[in-house]
Every structure is written in C-alpha cells, then in structure tokens.
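The values are calculated or read from the model by the stated rules, or taken from the named source; none is laboratory data. On a predicted model such as this, the values are computed, not experimentally measured, just so you know. Please note: Cβ atoms are built from the backbone with ideal geometry, for glycine as well, and neighbour counts cover all protein chains shown.
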Amino acid sequence: MLAMGTRRQGRRGGRRLLGLWFVLALGLGTPSFALEPGRSLSQYNHESWRSENGLPQNSVLCAEQTADGYLWFGTYEGLARFDGTRFTTFDQRTSPEMGQREIHALVEDDAAVLWVGTSQGLFRYERGQLRRPPEAAALANVPIVGLAADGQDVWISSPLGVMRAPSSGQRAWRRYSVDEGLPVKGTGPIVVDGSGGAWVGAGQGLARITDDSVDMLFLPPGESPIKPLYVLSLWLSREGTLWIGTNQGLLALREGQFTRYGPEQGMPNVAVGELREDRDGNLWIGTYQGLLRRTGETFSAVTASKELAHALVASLLEDRDGHLWIGTGTDGLHRLSNGPFIPIGAPEGSVLENVRMVLETPDGTLWMASNSQGLERMKDGVIRRVGAEEGLLEDRIRTLALGSDGALWVGTSSGAYYQQGGRFVPLGTESGMPPGAVIFAMVPEPDGDMWFSTSEGLAWLSNGRVTLYPPEKGTPADAATALVREESGVLWYGTKKGLVRFDRGTLTRFTTQEGLAGNVIMSLFVDAHGTLWVGTSTGLSRWKDGRFASVTAAQGLPDETIFNLLLDAEGFFWMSSNKGVSRVSRHELEAVADGKLPRVSGVLFDERDGMRAGECNAGLPSGWETRDGRMWFANLRGAMMVNTKDVRLRHSPPHPRIEEVRVQGQPVPLSGLLELEPEQQDVDIRFTAFVKEGAPRVQFRYMLEGHDRAWVEAEGRRVATYTRLPPGRYTFRVQAMDRTGNWVAPGAVLEVVLRAWFYQSAWFYGLCALGAGGMAAGIYAWRVGRLKRRERWLQARVEERTQELARANEELDANLRTLRATQVQLVQAGKMAAVGTLAAGVGHEINNPLSYIVSNLEHSCEETETLAQLAESSEPLRERLRDMHQVLREALMGADRVRRIVRDLKTFSRQDDDARGPVDLRAVMDSAAKMAAGELRPRAQLTREYAAEVPPVEGNEARLSQVFLNLIINAAQALPEGRPEQHEVRLVLKHGAQGEVVAEVRDTGCGIPPEVLGRIFDPFFTTKPVGVGTGLGLALCHAFVTSMGGRIEVESQVGKGTVFRVALPRSSSQLDRVQRSAPVQAGTVERGQVLVVDDDPLVSAALRRTLAKDHEVEVVVSARRALEMLCSPKAHYDVILCDLMMPEMTGMELYAQLVRAAPEQARRMVFITGGAYTPAAKEFLEQVSNPRVEKPFDPERLRELIREGVKRAHAGLTGQAA
C-alpha cells in the first residue's frame, strides 16, 4: 500500500531547544529558507527526477534526510541515496542482503543510524553497511508499514503491532500487540507525540501508546455506514494538533475532539496518503489526486505543475534547506523550492509571453511591456492589460520611460504616449513630432522636457514643442539601443555601431578603437560619481577621466552580454543577460579597470535561484529598481523580482566530502586514514558536495599529493581513479568551486598509506646494497688481477697493431689520393660529357643552315664564273662578275672555317673515351691551338714547327685534344699579358729516335723551380694562385698519355721557359682520307634519278641546285610522302638522299619500312646527318652499310658520292637485263 509513510518528530529533543534558542539569539528577523507561504504555488521552482535520471523505480514510497546531508528514498526496486546530483542504489544487486524488497518506511535515529522498513523486515544502515538487527528476527518476513523516532527510541509499526527499539541499543526491545489492546490486524502509520509516547493508526481508529498502556480512540463515522474511515497517514503539528489523513479526507484531533475538513473548507474528500508540516507552519497534504497546502485556514492546490496537479502523492519530506520533496506513486520524485527570484508570468495571469520592458511608477504600479503584445500593469498582485480603453492604441511597444513628474511615457512603433489622469494621451503631430515616427528610446530632463530617439532622428520636447535633429544635422541615423543623461545635460546615445556623446549640439563618436569593449551597445548607466558604465555585447566598459577601461569574461565577468545595469544600495551592479542575472561588486569593477585587481568575483543567478528561465530579454528598460530596493528584470517567460537584501543571495560555499572509497573495485569503510596492503594498488575515491541549489553544476578539482603534480579538473566527474599506485604515503584533497568562480579551501582530505612488499622496503634495499657491495668488492679484486694480465697482453698487441696501422694509414692515404683524383676525373668526364652533348646539339643546329649556305655559295661561284665567260663583250661587267666571284669565294672560305670550328668542337668534346685508333697529331694540335687562341693572343705569338710526313699515332683523339689544349693553356698562363711580341709558344711535331712520334709545347715563360719540378704531375699540386688552378690538369694529362702507351716529360729553366714533350707510338692503321676527284667534264656524267628527302626546305633546295646539272632531282620534305612514292610500282630512283633525323618520320624508320616493302630502294639510300646522334641513331649507323654525308657537305664530294651511286644502280639494272 502507498500510505506507509515515515514519521519523524522529537529527534534529539535537547538539541532542538538549543537550536531554537540560538535562532532567537540571532534575531527573529532572520529570513527562513522554507517555502514562503506568501508566494503563489506557481512561483515555486519545480524539478523532477525519474528512472532515466537514476531512480531505481518511479514509485517513491518514503523519504528521509540523514545527518550527513544525504537524501534517502524508498521504492519498489530498492533504496536510493541522493546527493543532489546522482543516485546510489542499494538493491539485491549491490546489497545482496536486501534481496528483492520494497522500501516502505525510513527514519534516522539520534545516533545517526538509518532504519529501513521493507516488505520483508527491518534493516539498519550504519557505517556504509546494511544489516538486519538481531533483535528484529521476529520481523524477518513481516512488512514494516511505519517508522518514527524520538530522542531515545525508534517506533516500528507492522501487522504484528508496534515495537519500541532503543536507539542506543542498551535496553531491551518492547512489543505492543493484541495483548495491550491493539487490533488483531496490526497497526499502520505512526508518529511520536513528543512526550515519550506515540500515536499509531489502528484500522478505523487511533492508538495512543505510552510506556505501559495503549488507549484506543475511534474515528468519527464516514460519509456512508458501508464506507468507514480508516487511517492512512498521521502528523503531529508543533501546536499539538494531530492531523489524520484518511481514505475520505482530512481530520484534525485537538483536545480530544475531531474536526473534519471537506470541500466547504477547500479540502476535497479524497484519500490522504501523506502529511507534512513545514517550518513555517504550512501543512502539506499529499492525496491520491494531487498536492495541497494549508496556510492558515486556506487550502490551495498545486495546479501550476501538470505533473503534480493530479499525481498520487506517496511521500513528503522537507529537507534542511526548506525544499519540499514529493514522492509520487508512478511519476517519480519532485522538488518544490523557492529561490530569491520571484517570477511573474502566465501562471500568475499575465498574457505577455516575452516581456521586454519593466518599470515601476511612484504609485507602486509595475508596468510590463512586449514588442508585440502590448502593455500590462500589476497593482496589489492583480495583473491587468492596458489598451485602447485607456487610450493606448498601439501594441508594438518599443520603450518605456518615467517622466520627471512621475508620469509614464510609452514609446511605440507609431509614436509616443504619456499618462495623464489614468489615460494615455498621444504626442500628436501638432507638437512637431514626425507622424508615424518609431520611438526607440526616451530620457527625461529634470524640468519636464523629454528626449526621444526616433526613426527620424533625435527629438527634444520642450514646452510642448518638438525640435528635431535629423541625421542630416549629424545626429546618429541608427536606432538607439540605450539612452542616458548626465546631470550636466550631456546625452549618451548607444547604437549597434558604437557610442555617441551629444553635448549642446556637438557629437562625438566612440568605438572599439577608442577602447570600448564592443560596438554593440546594450545598456548605459551614470553613477552618483558621474562615471559612465557601458554594457555591450562583448563586455563592460567604464568612461572615466576621458578614457575607457573594459572588463570582460577574461577578468571574471559572468557574462559579457549586458542587457541592463542597476546599482543597489550595497554597491553591487545587477546585470541581466542571455544566461541569467549577474551581480558584481562595483568596487571590484573599479579595481580591475584601474589595474589594481586581476579579476572580479561575480555571481550568476539563473533557474537555480527561482527564475522560470535563465534567459533574460533586452529592452528599454529591461531592468528597474523600485523604491524599496527590489530589482525587476524582463525575462523570456515574464518578469521577475529579487530583493537584493535576501540572505539567500549569499550562497553558502559548497563543502566537498568523500562519500565512498573503493579498493580493487570493492567498497571499504571510510575513516580519516586509508591503509592499503601492497597488492591494493587500484583506488577509486568518490566525492560529492551538498548545496541548496544547482548541485549538478558544482565543479571539483582534486590532487593526490605525492602522486599528482598539480590539481586535476574533474570535468563533471565525481570520482578520482588511481591504478598501480607505488608504495608510499599520500594525501588526497578535493575542492569545490563556489558561485563566484573561486575554489573553496581546504576541502575534503583523506590520508592514504600503501604498504610496500618486503622487497620494496628500506631494510631490504639496504641488505641488497650490502650484499651487492660485498659481491662487487670480490668481483673487483678478481677483475683487477685479470685486467692487469690482460693489460700486459694488450700492450704487446697494441704495439703490433700500431705498426700495422701505420702501414695501413700510408696505404689508405695513397688510396685516398687516388680516389680523389679519380673522383675529379669523373667530375671532369661528366662535365666533358655535358659539353659534348651541348657541342653535338649546337653542331647539328649549325650544320643544317651551314649546309645550304655552303651549297648556295658554291652554286653562286659557279654561276658568276659562267656569267663572266658569257659576258665577253662587256669588260666592265666581266670585271664586276670576277669581283663578285671573289667575294663569294671568300664567303665560302668563311663558311668552311665555321664548318671546321664545329668539327673541332665535336672532336674536343667527344665522349667515346675508350675508343682507340689512328690520330693525326697535326690536326689535333692545330685544333687545340685554335681552342686556346683566346688565352694565347694577348700573351705570345704562336709558331708551328711540323716535320713532313709525320705518321698518325695510336690513341684517343678526344683525350689527346684535351692533353694538348691543357698544355697550350698552361704555356700561355706562364706568360704575362700585354707583350705578345716578346714571347713565343712553339708547337713542334717530329719523328722520335725510337720510331715514335714526338710532340712538344715550348714557351718562353718564367719556368718551373727545380724543387717543385718533380711534383708537377701529382694530383692537386699547383703553383697557380688560389682559385686559378685545381692541380689536376697535368695529372690528367699524365694519366691520359700513359694510358695510351706514351710518355710525357718536362724540361724547364727558371727565367727561360719550359718544354713539355709527349711521345706516342705510331699507329699500324692509316687514316681514312677522302680523295677529291678531278672535275668531271660536262657530258661525261651518267645521269640518274635522285630523290632528296629532307624536312628542311632550304637544305632540300641546296641539294637540288648542287645535283641538278648532272641528274634528275626530285625533292620531298616528308618521309611519309617519300615512303608512298618509293612503294609505288612506277617508282625508280637510282639514289635516295635522306636526312637521318626528321620530326614526322625519321630516316631510320623510312629505311625500316623500305627494307620490308622495297628492299632494292633501301639499298640505294644515302643518309645525311648533322652530327647529333641519339643512342638509337648511333646504333643504326653502326648496323647499316649505306653511305652517309655529314652536314655541311662538300659539294664536289657529294656529287662524287651520287655519281658512284648512280653507276651502281645502272650496273645492277644491266645485270638484271642480261
């Protein structure tokens, strides 16, 4: 049954009298923290918890608060302990001794032991454990329906009757049953009477139990004889009235007389399952159909909350903070509380859903307004809407103001109104106010004038006339978000783009550039000292002594958005925002602004303090201070008021406590010292804190001194977990943060000692150290002797190894020098390869135009000679043609010189380092001299002394070119610049005494000193200044010459000159020389068909002109076109002159196609190349035997090659005919 409530009165009787005396000593005027009877039930804060919030089950059958501050609730699914944030459940899973029992009754005795009445017996909770008292064995399977406690005993009501258990445990338990006159069916709810006895419900009556007697008292009859009354709940008030909740309503027993309360008194005839009197004397009545409150003689139902309006109330509890806890039959747990803020909204009769403005007039009337729902007034607790009947024709209220005469001014979206004689009068256009002007803000002058911020500009009402300052005159064009007047008459005008100061027509603008916290101005306030305070959307600014100083959240401001600023009598600023209402000391704000204090200690008030919604609204004004010091604020759900002197605003700091310690996952008893065995290294410490409101928002930090280096922020958790703790002594501390953002010291403290294993103890370490020391000494002595023997052996080995190392170092040094020389040679070879690639490319590009230049010059020479022979009749013309012929011959000689330069460059940079063959030293030395001409010309004259018929030598042409180039440049650099006529470099080529060929490079320079003459061929040795030579030139010359089987020698005399002599073996092969054939007479040439394939039209034209006299020449510039022609059955060409490298199809690809399609034509191909060979082209030329012609070609050599090709072609045709 649900009516099995807990009854607890008379606990610690002597302490109650002492506490009452103490309260009286402090003063009867101390406000109470109970639910204020003067409030409407709708103005209480209402919170609820259900199974999804941690309750074991949604039927809360009983409730109790223990001395340590915990709240306990009994349900059908076990017992729950609540710290304001989380529930700890004691059920068959966490406390197996409980079993699957329903919790029907709870009470705490004078020894701080919690007695728990269940559906199957009685339990006691003490020292963190639930145990069944041995004396309650008779109640093991009996449901406990009621518990009550006085200063000495615990009264237990059950179907077996009443048992009286001493709380001290020193007396025997006393049982009252049928023998003493109690009903056979047992007893029900029970309360102590304050004089050592108890009242207990006994079916249709009451039983008064004293020490030795039981007196029965029967209830009056019910509404019907067939429906008698029986007791469901009891409560004994402080003045001695016994309140009796029955199945048909409420009864009161006073001086032996019953009084029935029914509908005529406001009390419905419904089952009353729970009763509770609060500290202010209000009686709370929990029925099966809702909750009621009796204040004086008036009953009122809790109807503002839909959850409680018709709930089955199963339990009631007033905690020590004055909150009322309501346990329901099916809808969980609820709490009613009243904070310092009193809300006014829809439950109190207001129709304004979103109040933007609040203001009180001198007659005590509170005015509330909305932007869209009009204006309301509240007088003597009655709220009434104000509209057209009172003359106010506009519902879109923008601002309110109080005139200097106490009249109310209303600014709307279409003009201004002022109150006069209980009605509102519009400020008409006859006064000069622009028609339809939106009024954003108003501020009065002391003499009755009024300033308006309107959509048309700034307006001033004086003596019934309005003077307009439109934006064209410099006034702000933006809507005012705040407007305030200094005593000096200066107006401050806030906008969303900054702050404006209006002083006798002069405007000064201020923004963040001048130090404002933000440009969106929300509120303005001028204090008694003339200091301007500016609330913005990003902080608070102070204007003082001509400059701004700002305070933001970084300096402790609870919220940076400030809708209004109000200053109370105690020097605190009250500021509303989207998060609530904050209170900050003006003195602290001044200190922070002056740099004397790092931050302020502000407090933020919100839903925890009585507000229906924490979010406030912005408006003009959105906050107002009444004459008696109360503050009103506009809120999202109405208006709200706070008395700034309410002691509930002074929040008690949270005091954390350690509620549970688990070691290796198992709970352990709590004490000041936690001693752990060595294997107990995993510890969980759970902590909490009790506060009147907002327990879930309390922040914690903790530190285990000796383990943690700094405080650890709990971040919403209420447990500290440590694993694998090392042995030692620790101190665990936990602190909570108060509403001002400060950590409250000292907090809760727990000493922890973790014992060490024997092998972790100091004596064990000492013993180990001693043993290790002795062992080390013995090992040391043995080791020293062994090391000495080893030392002698090593000394001998070191001497031996030193000698070997010396020899190895010498070899390594020699190898290193060789390696460095090889590395430089590789670098030089790479450079020469790059130069060779560049030279080949440049040569190819030069050879193409040079081909047709040479050919055209040759053709021009022949033509001028022919024309000179034809011009026999004109001597002047013949003379001019001979001159022209000479000019063309000179140009042809120049082109031939370019051709030879390109050839020499290619020879010098050739990359075929390993190629050997016959080399003409005369040509090599001449080529090197030309390459070194730039060095020679300013220093000396070059003289050649070549013997006749010098045979070729066996060697590498490119490397020999590098050798002689290096020797000639060295000779030139040994001579001073500026006197070439006094010095000479002589090149000598002659036959050697042993059949070899000898080449010499002689100079008349300074000579080489004898002391360095023997080192000049060493790598990296040089006599040149730093940066001029590398010391590798002669070393490379020596390496190249000796690699070719020759030798290089030097002779020198200081002051006379130097001779470098190179001797090389003769070549067994002869040079390939092109024999120039004698000119063929016209008419003796066998004409043939020649096809020229070249992508360069100029080269093709030059070839045509060169060959056209002797042959039929056809030219194509595309290899693909040539392929089509040559594959045709009608095609017959004696010679096919084809360029090797072409873009669309190369000569190599054309050859490959002809080999497959027309092999005879492929054999007649002669390839033209510019000298730049790709690897593929080089490989191709090595594989085919076809003739080739290099650009720029010799015209006569080309004609000879074509004549031979034509002869071969004709000879082949003749053989076929035969």
(message) Of all residues being in contact (Cβ under 8 Å) with a residue 24 or more places away in the chain and closer than 11 Å to Gly432 by Cβ in the stretch 455-473, which is surrounded by the most Cβ atoms within 10 Å (Cβ to Cβ)? Just the residue, please.
(response) Ala459
(message) Can you tell me which residue is surrounded by the most Cβ atoms within 10 Å (Cβ to Cβ) among those in the stretch 75-101 that are of a type in the set (Ser, Thr, Tyr), closer than 15 Å to Pro667 by Cα and at pLDDT below 90?
(response) Ser95
(message) Can you go through Gly188, Gly262, Gly266 and tell me which one is surrounded by 15 or more Cβ atoms within 10 Å (Cβ to Cβ) and either more than 16 Å from Gly146 (Cα to Cα) or of a type outside the set (A, V, I, L, M, F, W, C) (or both)?
(response) Gly188
(request) Please specify each residue of the stretch 300-327 satisfying the condition of being among the hydroxyl-bearing types (Ser, Thr, Tyr), at pLDDT below 95 and either closer than 19 Å to Ile103 by Cβ or part of a strand (DSSP E or B) (or both). (result) Ser300
(message) I want to confirm something. Restricting to the stretch 967-1001 and keeping residues that are farther than 20 Å from Leu1064 by Cβ and among the small types (Gly, Ala, Ser), which single residue is surrounded by the most Cβ atoms within 10 Å (Cβ to Cβ)?
(response) Ala972
(message) Being at pLDDT 85 or above, over 23 Å from Gly121 (Cα atoms) and in the same structural domain as Pro143 (by TED's automatic domain parsing) is true for just one of His104, His46. Which residue is that?
(response) His46
(message) Considering only residues that are of a type in the set (A, V, I, L, M, F, W, C) and more than 18 Å from His651 (Cα to Cα), which ones fall in the stretch 576-594?
(response) Leu589, Ala591, Val592, Ala593
(message) Among the residues in the stretch 569-581, are any under 14 Å from Met522 (Cβ atoms) and of a type in the set (Lys, Arg)?
(response) yes
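Listed here are the residues, each with its yes/no results for (1) touching a residue at least 24 places away in the same chain (Cβ under 8 Å); (2) in contact with a strand residue (DSSP E or B) (Cβ under 9 Å, 6 or more places away or on another chain); (3) closer than 17 Å to Ile658 by Cα.
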position	(1), (2), (3)
Glu677	yes, yes, no
Arg717	no, yes, yes
Arg733	yes, yes, yes
Leu754	yes, yes, no
Ala762	no, no, no
Tyr765	no, no, no
Tyr780	no, no, no
(request) Would you mention how many residues in the stretch 676-727 are part of a loop (DSSP other than H, G, I, E, B) and surrounded by fewer than 16 Cβ atoms within 10 Å (Cβ to Cβ)? (result) 17
(request) Can you work out which of the residues in the stretch 632-664 that are of a type in the set (Lys, Arg) and assigned to a strand (DSSP E or B) is surrounded by the fewest Cβ atoms within 10 Å (Cβ to Cβ)? (result) Arg662
(message) Looking for something farther than 23 Å from Lys1207 by Cα, touching a Lys or Arg at 6+ places or on another chain (Cβ under 8 Å) and at pLDDT below 90 - is there at least one such residue anywhere in the stretch 1095-1105?
(response) yes
(request) Considering only residues that are within 25 Å of Asn45 (Cα to Cα) and either part of a helix (DSSP H, G or I) or among the charged types (D, E, K, R) (or both), look in the stretch 595-610 and name the one that is farthest from the chain's Cα centre (by Cα). (result) Asp609
(request) Tell me, yes or no, whether the stretch 473-493 has at least one residue that is acidic (Asp, Glu), closer than 18 Å to Glu588 by Cβ and outside any strand (DSSP E or B). (result) no
(message) So Gly339 ticks every box in (1) part of a loop (DSSP other than H, G, I, E, B); (2) over 14 Å from Gly38 (Cα atoms) but one. Which box is left unticked?
(response) (2)
(request) State which residue is nearest to Asn742 (Cα to Cα) when the search covers only the stretch 571-580 and only residues that are surrounded by fewer than 20 Cβ atoms within 10 Å (Cβ to Cβ) and touching a Ser or Thr at 6+ places or on another chain (Cβ under 7 Å). (result) Gly571
(request) Scan the stretch 113-171 for residues that are of a type in the set (D, E, K, R) and within 60 Å of the chain's Cα centre (by Cα) and jot them down. (result) Arg124, Glu126, Arg127, Arg131, Arg132
(message) Given the options Met611, Met631, Met641, name the one that is touching a Lys or Arg at 6+ places or on another chain (Cβ under 6 Å) and aliphatic (A, V, I, L, M).
(response) Met641
(request) Count, please, the residues in the stretch 289-305 that happen to be within 15 Å of Asp331 (Cα to Cα) and surrounded by 19 or more Cβ atoms within 10 Å (Cβ to Cβ). (result) 3
(request) Only residues that are among the aliphatic types (A, V, I, L, M) and surrounded by 24 or more Cβ atoms within 10 Å (Cβ to Cβ): list them for the stretch 601-610, please. (result) none
(message) Condition (residue is farther than 30 Å from Leu649 by Cβ and at pLDDT below 90) applied to the stretch 14-28: is it met by at least one residue?
(response) yes
